[in-house]
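Here's the structure we're looking at; comments come further down.
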4 protein chains.
Amino acid sequence: MPGPAEIVDKRVERSKAAVLAETYRQLTETGIGGLSIDEVSRRSGVSKATIYRHWPSRSALLLDACSRLGGAADVPDTGDFQDDLLGLARGLADQLRTAAWTSVYPSIIDAAERDPEIAAMQSALHSGWMKPFAIVAERAKARGEAPAGLSAPVLTAAIVGPLFYRRWFSKEEIDDRFVTAVTETAVAAMARQTP
Amino acid sequence: MPGPAEIVDKRVERSKAAVLAETYRQLTETGIGGLSIDEVSRRSGVSKATIYRHWPSRSALLLDACSRLGGAADVPDTGDFQDDLLGLARGLADQLRTAAWTSVYPSIIDAAERDPEIAAMQSALHSGWMKPFAIVAERAKARGEAPAGLSAPVLTAAIVGPLFYRRWFSKEEIDDRFVTAVTETAVAAMARQTP
Amino acid sequence: MPGPAEIVDKRVERSKAAVLAETYRQLTETGIGGLSIDEVSRRSGVSKATIYRHWPSRSALLLDACSRLGGAADVPDTGDFQDDLLGLARGLADQLRTAAWTSVYPSIIDAAERDPEIAAMQSALHSGWMKPFAIVAERAKARGEAPAGLSAPVLTAAIVGPLFYRRWFSKEEIDDRFVTAVTETAVAAMARQTP
Amino acid sequence: MPGPAEIVDKRVERSKAAVLAETYRQLTETGIGGLSIDEVSRRSGVSKATIYRHWPSRSALLLDACSRLGGAADVPDTGDFQDDLLGLARGLADQLRTAAWTSVYPSIIDAAERDPEIAAMQSALHSGWMKPFAIVAERAKARGEAPAGLSAPVLTAAIVGPLFYRRWFSKEEIDDRFVTAVTETAVAAMARQTP
DNA sequence: CAGTAAACGAGACGGTACGTCCCGTCTTATG
DNA sequence: CATAAGACGGGACGTACCGTCTCGTTTACTG
């Protein structure tokens, strides 16, 4: 039973879609700094006036376009904690090696340093991506595989941290050996926490 | 007998210093994206022509200014591998909590995605910062405390990765408990590698 | 039984009236250059689509609104040529000192330089305003007070010209002394023409 | 002995000249309302930034360009008042028939209705053009040909008013017969003033 | 210690992007 | 079917910064 508030002009949807698509394209090519509204307008065929009609500022458009980056991964459920984590880590590693958004994300991290709105968006984005780790941890606790006191954030940091580090900071290869090592380390450490 | 190449006009040094100082100031305030040569010129009192005389482009100036970020930390030498690593991790955590350069670094990481020169600079910066980890690992190996096959990069990733992750991605507190946990985990994992 | 051409929707009349009123208001306030259809729409409550349905262009609306400027003065008939002219001159002088349309008229004169339609409208407007001079001249000729060969346009130019000149060009006061002098000069000149 | 204040960058002079020339061209073609800075920039090859560097606003450029309209006519000195006036009237009539500035002047008159700065500029322009009438009147007074009490403004209005009226309002031909009639009327009226 | 070469500040210049406003056309939903 | 509401592409507005350029004027070294 859709309310009347949901009725939107088709033209609006068309314009918005065209702008977001072109924005996304430019973002992955040049990062936030290289995004130009004039260029988006030119290449999407949508006039600047229309763009500013739908997004009050460059930042707003950025926000909107960025928040559509990277869809949610599906959460593995193998029945074994380490296997679940390995699945998540491999999935993330895959993304880090190939996905277009990985070249934009540093722009967001950078902008978040100074723009609270972008910081909020980054936080939401990050939460979405990290939720699967919390979920598999919860399941493992329920199964008694993981100690009840296990800190999901610490576990996440132990796995995601090294992967991110390789992608953006050290720029070394993220091969399966590395992914496996990182995951095993994290699991072993967890075990150590509860003798 | 100093070669003529080393003779530099005092005025040149003065100009360069003023420009770099102002660039650094602006960089930490607004990031790479907010840096304006016009503004640097205005506030440093050095004319744009002079700036472009010394640095061929905005990027070159950026490079020069950024490469002065974060001085080299001194390498701890307690005689115990884990203590050395803990010292390094604590030092890094301290920096991540307080140093001005931490708000600029994402700008560099971002720019490095698209600019090979900046990528090279980032790589050099990174190597400098990470070298202490390699050094203490080397010493530990010499002492027989660490296995000869220990991979310093993997060890580094295990410690630095989670710290960076907290500073820029999850934005959770980097308290001493976390630093300790991260370090211990890394050391334990290393031990596991060589039964 | 009125023909169908004469049946006009009441709503149409309402819209037209509201638009013309607002257009006139804006015209006298800001001149032709300052007239904005968007603003007329906003303040009259009539949508832009409706405005463009009734007038094909900005110019057409302008034309319509301007052609309602300055109603026809009544023609004096004192029985004396000079008194009639003085009456007309005084009436005109009054208008030039106080009427709102005097601040719009230069806009029309300007636009007429380049837009033939506006030129035609200006010509019609002008004819209407100048007709009284021709009428009193005609009456004077009939009474034998004025020579049959008297050129009404020349007479009109001699009286209206100086008045307009003061209002828009020299911007000097148009007091009664001036109006009287101008009229008397014109009449005297006419007398001189036919000894 | 030119002061150092008069030293102007050649580039500035070049830019200013190009902009003023193009502005003048556009002005005579389209009037004030049709003048576009973007278009001036495009056709003159001078960037908008440079234009705004030299003139703070569209109005300022307008002012500058307009104030160069119509050079000063030379003042006739035949020794006979009526002949002098006839010379001036004929010169003006010539201009009104042919000069490019006559199509711009209504724009100025219009703008002057609402913009005090343009009003001041118009006033200055007007004074310059009307001064010759005051000069020949002065000379005539000195020769005793004209009464000492003769009002130059009234005389000017009597001659210039009808000419302007024909050019912009009635749009009738300004032939020599008309010019002669207007001048003679004015002179005769003046004579009448002093019995 | 005068002469000269460089380094300099000041700022003009052509470009490009910004975000805003208005034009005249159009589409949609309401009465 | 006329209307109000308002989206749309186009294009001008005035501002800011880019990287290049031309000026005269210091300033430091060299002969």
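The values are calculated or read from the model by the stated rules, or taken from the named source; none is laboratory data. A quick note: this is a predicted structure, and the numbers were derived from the prediction, not measured. Because the Cβ atoms are built from the backbone with ideal geometry, glycine has one as well, and the counts that use them run over all protein chains shown.
In this structure, is D:Ala89 in contact (Cβ under 8 Å) with a residue 40 or more places away in the chain, surrounded by 17 or more Cβ atoms within 10 Å (Cβ to Cβ), within 14 Å of chain C (Cβ to nearest Cβ) and within 30 Å of D:Gly161 (Cα to Cα)? Yes, satisfied. Taking region A:175-184 as the search range and keeping residues that are at the interface with chain B (Cβ under 10 Å from one of its Cβ atoms) and in contact with a Leu (Cβ under 9 Å, 6 or more places away or on another chain), which one is surrounded by the fewest Cβ atoms within 10 Å (Cβ to Cβ)? Going through the qualifying residues, I end up with A:Glu184.
On the stretch given as region A:107-126, residues that are within 26 Å of A:Asp74 (Cβ to Cβ), within 12 Å of another protein chain (Cβ to nearest Cβ) and crowded, with 16+ Cβ neighbours inside 10 Å total 5. Close contacts from region D:47-62, counting a first residue that is without any contact (Cβ under 8 Å) to a residue 60 or more places away in the chain and a second that is charged (D, E, K, R) and part of a helix (DSSP H, G or I), with Cβ to Cβ under 7 Å and a gap of 6+ residues or different chains, come to D:Lys48/D:Asp38; D:His54/D:Lys16; D:Trp55/D:Asp64; D:Ser59/D:Glu117.
Every condition in (1) free of Cβ contacts under 8 Å to residues at least 24 places away in the same chain; (2) of a type in the set (S, T, N, Q); (3) in a helix (DSSP H, G or I) is met by D:Thr78 except one, and the failing one is (3). Considering (1) in contact (Cβ under 8 Å) with a residue 60 or more places away in the chain; (2) out of contact with any helix residue (DSSP H, G or I) (no Cβ under 8 Å at 6 or more places or on another chain), the lone condition that D:Ile32 does not fulfil carries the number (2).
Do we find a residue being in the same structural domain as C:Ala21 (by TED's automatic domain parsing), more than 24 Å from the chain's Cα centre (by Cα), within 13 Å of DNA strand E (Cβ to nearest atom) and surrounded by 18 or more Cβ atoms within 10 Å (Cβ to Cβ) anywhere in region C:51-74? Yes; the residues of region C:51-74 include at least one that is in the same structural domain as C:Ala21 (by TED's automatic domain parsing), more than 24 Å from the chain's Cα centre (by Cα), within 13 Å of DNA strand E (Cβ to nearest atom) and surrounded by 18 or more Cβ atoms within 10 Å (Cβ to Cβ). Scanning region A:56-67 for residues that are over 13 Å from A:Glu22 (Cβ atoms) and of a type outside the set (A, V, I, L, M) yields A:Pro56, A:Ser57, A:Arg58, A:Ser59, A:Cys66, A:Ser67.
Does B:Val187 satisfy the condition of being at pLDDT below 95 and either crowded, with 22+ Cβ neighbours inside 10 Å or more than 16 Å from A:Val160 (Cβ to Cβ) (or both)? Yes; evaluated as a whole, the condition is true for this residue.
Might you check whether a residue that is among the aliphatic types (A, V, I, L, M), within 10 Å of DNA strand F (Cβ to nearest atom) and within 14 Å of chain A (Cβ to nearest Cβ) occurs anywhere in region B:61-68? Checked region B:61-68: at least one residue is among the aliphatic types (A, V, I, L, M), within 10 Å of DNA strand F (Cβ to nearest atom) and within 14 Å of chain A (Cβ to nearest Cβ). Only a single item in (1) basic (Lys, Arg); (2) under 30 Å from A:Leu61 (Cα atoms); (3) within 11 Å of another protein chain (Cβ to nearest Cβ) is not met by A:Arg192, and it is number (2). Taking (1) modelled with pLDDT of 95 or more; (2) surrounded by fewer than 15 Cβ atoms within 10 Å (Cβ to Cβ); (3) assigned by TED's automatic domain parsing to the domain that holds D:Val187 in turn, D:Ala100 satisfies each apart from (1). With respect to the stated conditions, C:Ala21 is surrounded by fewer than 17 Cβ atoms within 10 Å (Cβ to Cβ), within 28 Å of D:Ile108 (Cα to Cα), more than 14 Å from chain D (Cβ to nearest Cβ) and more than 10 Å from DNA strand E (Cβ to nearest atom).
Here is a yes/no grid of residues against (1) among the charged types (D, E, K, R); (2) within 26 Å of C:Asp115 (Cβ to Cβ):
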{"residue": "C:Val40", "(1), (2)": "no, yes"}
{"residue": "C:Arg43", "(1), (2)": "yes, yes"}
{"residue": "C:Arg53", "(1), (2)": "yes, yes"}
{"residue": "C:Leu61", "(1), (2)": "no, yes"}
{"residue": "C:Asp64", "(1), (2)": "yes, yes"}
{"residue": "C:Leu88", "(1), (2)": "no, no"}
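Of the residues making up region D:36-52, those that are within 14 Å of another protein chain (Cβ to nearest Cβ) and either more than 7 Å from DNA strand F (Cβ to nearest atom) or assigned to a helix (DSSP H, G or I) (or both) number 1. Can you tell me which residue is modelled with the lowest pLDDT among those in region C:30-42 that are more than 8 Å from DNA strand E (Cβ to nearest atom) and loosely packed, with under 15 Cβ neighbours inside 10 Å? My answer is C:Gly34.
Tallying residues that are at the interface with chain A (Cβ under 7 Å from one of its Cβ atoms) and within 22 Å of B:Thr102 (Cβ to Cβ) within region B:154-170 yields 11. Just one of the listed residues (D:Pro76, D:Pro56) is more than 14 Å from chain C (Cβ to nearest Cβ) and within 13 Å of DNA strand F (Cβ to nearest atom), namely D:Pro56.
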